[in-house]
């Protein structure tokens, strides 16, 4: 090559990336199909909803993050390529790239219009519908958590124990004036400094921004003013992501306790002594909360009282994946998908799907998502479940039009207008 190096444009890079993807002919798969066998799924009342291929460079790239909500599945590769799928039909919505290759990035988060991704020392906003980068800002400190957002501000925790709030309206104004990222500092709404590193993404409500620090405390501050609403201290570092559901915030601590707090004032509603540290996120489904102590299996508690919902922990399960009407879907120690009875935690069956080495948890809907490092992603649902159940935000479920039934309409009309009595016959 005479010492010369070939240089590809951005368009050329994407052309190469797309060209090296494995290709599957949907509906005409050979016997060596990489997809879960239908006969195994059907045996347990499950079916494949869709499958898709995230864009990545198969020679060096892997999936780093998979973020899921009611509308979208966002896949981020180690080189910063972002692929968006429609969560229900699997349609590939868009592909873009953020940050520099192999920069440390955090799990994407979504609000109504944006996908927010922290990569390196930058925070990127992507248009949720079309995927274009709508803005980027420079972060003042190295982030330690994924961002969180409402419709007015975006919040992010950093290694020095700070949580920063950035004004989305100000960001939009400066972007339109082409002053970003140079004037990123002007977009900062406030900063709150905790004692040590912020350990999990902020949890945002209309009245508060809640975050945990290695100084053994949960902080709750006002989203507009950063005034401290309450501080909850434990006897050990808060060891798992905070979860907010309904009026409660759930907190796991290295002191082996799991706490349910009133989200308005921080008062303890109940606590559960696990006997083991809890370092994995808890998952709330209806009035059940599933916790996963280290080497302790999965424990189901009643979310409002903290009492046991199952007779005992299911020790064969090590990770929560999803929950449907009839099954709690978990994994065992070697990566099989383990199906549990939601009433008592007993094992219903096992799906030998070890080859899907990426199994993101989904407590937002009742859909199960499985993925491989090469970008293949599959959605699995209960048979006949054409519309998803919304666990986290049931109010977001769209109102479905009722099917037109002419016989039912005639019946309702007859009941509303009963026949008049025959007065002539009476006379």
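The values are calculated or read from the model by the stated rules, or taken from the named source; none is laboratory data. Keep in mind the model is a prediction, meaning the values are calculated, not measured. We place every Cβ from the backbone using ideal geometry, glycine too, and count neighbours over all the protein chains shown.
Data table
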| read-out | value |
| --- | --- |
| Residue within segment 302-310 that is buried (at least 21 other Cβ atoms within 10 Å of the Cβ), out of contact with any helix residue (DSSP H, G or I) (no Cβ under 6 Å at 6 or more places or on another chain), modelled with pLDDT of 95 or more and on the phi < 0 side of the Ramachandran plot present | no |
| Residue match in segment 107-125 (condition: more than 18 Å from the chain's Cα centre (by Cα), outside any strand (DSSP E or B) and under 25 Å from residue 374 (Cα atoms)) | yes |
| Failed criterion for residue 356 (all others in (1) more than 19 Å from the chain's Cα centre (by Cα); (2) assigned to a loop (DSSP other than H, G, I, E, B) hold) | (1) |
| Any hit, segment 177-192, residues being surrounded by 22 or more Cβ atoms within 10 Å (Cβ to Cβ), in contact with a helix residue (DSSP H, G or I) (Cβ under 9 Å, 6 or more places away or on another chain) and over 26 Å from residue 288 (Cα atoms) | yes |
| Matching strands (runs of 3 or more DSSP E) fully within segment 204-264 where at least 2 residues are over 24 Å from the mean Cα position of the chain (by Cα) and farther than 20 Å from residue 363 by Cβ | 228-233 |
| Boolean, residue 251 is modelled with pLDDT of 95 or more, closer than 19 Å to residue 203 by Cβ and touching a strand residue (DSSP E or B) at 6+ places or on another chain (Cβ under 9 Å) | yes |
| Subset of segment 264-283 [closer than 20 Å to residue 208 by Cβ and surrounded by 21 or more Cβ atoms within 10 Å (Cβ to Cβ)] | 282 |
| Matching residues in segment 139-178 - criterion: being in a strand (DSSP E or B) and under 14 Å from residue 190 (Cβ atoms) | 153, 154, 155, 156, 157, 158, 162, 163, 164, 165, 166, 167 |
| Qualifying residue in segment 322-336 (condition: outside any helix (DSSP H, G or I), at pLDDT 95 or above and under 15 Å from the mean Cα position of the chain (by Cα)) | yes |
| Residue match in segment 13-27 (condition: within 30 Å of residue 328 (Cα to Cα), out of contact with any strand residue (DSSP E or B) (no Cβ under 8 Å at 6 or more places or on another chain) and either modelled with pLDDT of 95 or more or not in a strand (DSSP E or B) (or both)) | yes |
| Top-ranked residue in segment 337-353 [being in contact (Cβ under 8 Å) with a residue 40 or more places away in the chain and assigned to a loop (DSSP other than H, G, I, E, B); ranked as nearest to residue 378 (Cα to Cα)] | 353 |
| Residue count, segment 359-383 (criterion: out of contact with any helix residue (DSSP H, G or I) (no Cβ under 8 Å at 6 or more places or on another chain), assigned to a loop (DSSP other than H, G, I, E, B) and touching a residue at least 60 places away in the same chain (Cβ under 8 Å)) | 10 |
| Residue within segment 186-198 that is in contact (Cβ under 8 Å) with a residue 40 or more places away in the chain, closer than 27 Å to residue 392 by Cα and either under 25 Å from the mean Cα position of the chain (by Cα) or part of a strand (DSSP E or B) (or both) present | yes |
| Residue under evaluation residue 103, criteria (1) surrounded by fewer than 21 Cβ atoms within 10 Å (Cβ to Cβ); (2) touching a residue at least 24 places away in the same chain (Cβ under 8 Å); (3) under 30 Å from residue 240 (Cα atoms); (4) touching a strand residue (DSSP E or B) at 6+ places or on another chain (Cβ under 6 Å), criterion not met | (2) |
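Each row is one residue, and each column tells you yes or no for (1) touching a strand residue (DSSP E or B) at 6+ places or on another chain (Cβ under 8 Å); (2) on the phi < 0 side of the Ramachandran plot; (3) modelled with pLDDT of 95 or more.
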{"position": "179", "(1), (2), (3)": "no, yes, yes"}
{"position": "202", "(1), (2), (3)": "yes, yes, yes"}
{"position": "235", "(1), (2), (3)": "yes, yes, no"}
{"position": "240", "(1), (2), (3)": "yes, yes, no"}
{"position": "245", "(1), (2), (3)": "yes, yes, no"}
